[in-house]
1. Inspect all residues belonging to region 6-27 and state whether any of them is over 30 Å from R162 (Cα atoms), hydroxyl-bearing (S, T, Y), open to solvent by 10 Å² or more (accessible area, probe 1.4 Å) and in a helix (DSSP H, G or I).
2. Go through region 204-222 residue by residue and tally those that are in a helix (DSSP H, G or I), open to solvent by 30 Å² or more (accessible area, probe 1.4 Å) and not β-branched (V, I, T).
3. Of all residues in region 84-130, which are buried (at least 16 other Cβ atoms within 10 Å of the Cβ), among the polar types (S, T, N, Q) and under 17 Å from the mean Cα position of the chain (by Cα)?
4. Given the conditions (1) under 20 Å from L50 (Cα atoms); (2) buried (at least 20 other Cβ atoms within 10 Å of the Cβ); (3) aliphatic (A, V, I, L, M), which single one is not true for A227?
5. Which members of region 86-143 meet the condition of being assigned to a loop (DSSP other than H, G, I, E, B) and either closer than 30 Å to H173 by Cβ or among the aliphatic types (A, V, I, L, M) (or both)?
6. Which residues, taken from region 32-46, are of a type in the set (A, V, I, L, M) and open to solvent by 40 Å² or more (accessible area, probe 1.4 Å)?
7. Pick out the one residue from R128, R87, R79, R55 that is within 21 Å of T160 (Cβ to Cβ) and among the charged types (D, E, K, R).
8. Is it the case that some residue within region 61-77 is surrounded by fewer than 19 Cβ atoms within 10 Å (Cβ to Cβ) and among the charged types (D, E, K, R)?
Amino acid sequence: MAALDFSRRAETPELMDTEVTGFEEFRACLVDLERVNGWTFTFRPVVAFLDRLMREGKLPSDRPIAIVDIGSGYGGLLRGIDSWASRRGLTVDLVGIDLNPWSAKAAAEATAPGRPIRWLTSDLFDYRPEGGIDLVVSSQFTHHLDDAQLVRFIRWMESTTRVGWFVGDLHRHWLPYHFFRIWSGLMGWHRFVRHDGPVSISRAFVPTDWRRLLAEAGVPEAAAKIAWSMPFRLCVSRIKDR
């Protein structure tokens, strides 16, 4: 087998994007992914971003903060944001959007009743709520897109958000690729996770990719922040001037 070239994004398809499954199998995959996210502190940079917005007075105080999670999966990120807001006495209106209908069903089942979260099945580019969006967040989503789709996603976030946006995703590198390939096998996780985890890393980005694609989307280099986060994550954020 030829060695992978980590200098460029791979185009290998992921099973979650291509294989049709029933609800039970898809939910089992999401549950394992939720464990991975918890053990690798995947959502911690998002919370730090929200804390910064709060400290700097960027969040609205006269109405609920409208936050949309793109590629919401099992819903762990929005449940975490809900807890974050509750601890700080903030009111939020949270929407999770995923293209796979099983995601909305699984996320709803995993969410306590009465929480301010809605789960929708939709193409993100079709979603433009009348009330607008303050923030868009996404986690481990953008590597599913090709470069042209990502440029379109950045432009969509720019045109639909009032406050800004935050993207957390993987950092393409040989070390996490091989580590996850071995670790997921030892843990006996769902076959989708064992296959798609390394593939996701090979499809992910490095900082030069992000700089090029942000420029193509019309976002000036100084307007967006690209930051590395443990373990091998890249976080790209944008706070708009108000």
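The values are calculated or read from the model by the stated rules, or taken from the named source; none is laboratory data. Note that the coordinates shown come from a computational prediction; the quantities given were computed from them, not determined experimentally. Using ideal geometry, Cβ is built from the backbone for each residue, glycine included, and neighbour counts are taken over all protein chains shown. Keep in mind that these areas ignore ligands, DNA and RNA; they rest on the heavy atoms of the full protein, side chains included. Shrake-Rupley method; radii C 1.70, N 1.55, O 1.52, S 1.80 Å.
1. Within region 6-27 (the criterion being over 30 Å from R162 (Cα atoms), hydroxyl-bearing (S, T, Y), open to solvent by 10 Å² or more (accessible area, probe 1.4 Å) and in a helix (DSSP H, G or I)), the answer is yes, since at least one residue qualifies.
2. Going through region 204-222, the residues in a helix (DSSP H, G or I) turn out to be 207-217, 221-222.
This time we only want the ones that are open to solvent by 30 Å² or more (accessible area, probe 1.4 Å), so: 207-208, 211-212, 215-216, 221-222.
Filter once more, so that each one left must be not β-branched (V, I, T): 207, 211-212, 215-216, 221-222.
Adding up the residues that qualify gives 7.
3. Of everything in region 84-130, those that are buried (at least 16 other Cβ atoms within 10 Å of the Cβ), among the polar types (S, T, N, Q) and under 17 Å from the mean Cα position of the chain (by Cα) turn out to be N100, S103.
4. (2)
5. Scanning region 86-143 gives L90, L99, N100, A110, A112, Q140, F141.
6. L33 - this is the single residue of region 32-46 that is of a type in the set (A, V, I, L, M) and open to solvent by 40 Å² or more (accessible area, probe 1.4 Å).
7. Working: R87 fails: within 21 Å of T160 (Cβ to Cβ); R79 fails: within 21 Å of T160 (Cβ to Cβ); R55 fails: within 21 Å of T160 (Cβ to Cβ).
Criteria check complete, one pass: R128.
8. Quick first cut of region 61-77, residues surrounded by fewer than 19 Cβ atoms within 10 Å (Cβ to Cβ) only: 61-64.
Right, trim to among the charged types (D, E, K, R) and you get 62-63.
Yes, some residue in region 61-77 is surrounded by fewer than 19 Cβ atoms within 10 Å (Cβ to Cβ) and among the charged types (D, E, K, R).
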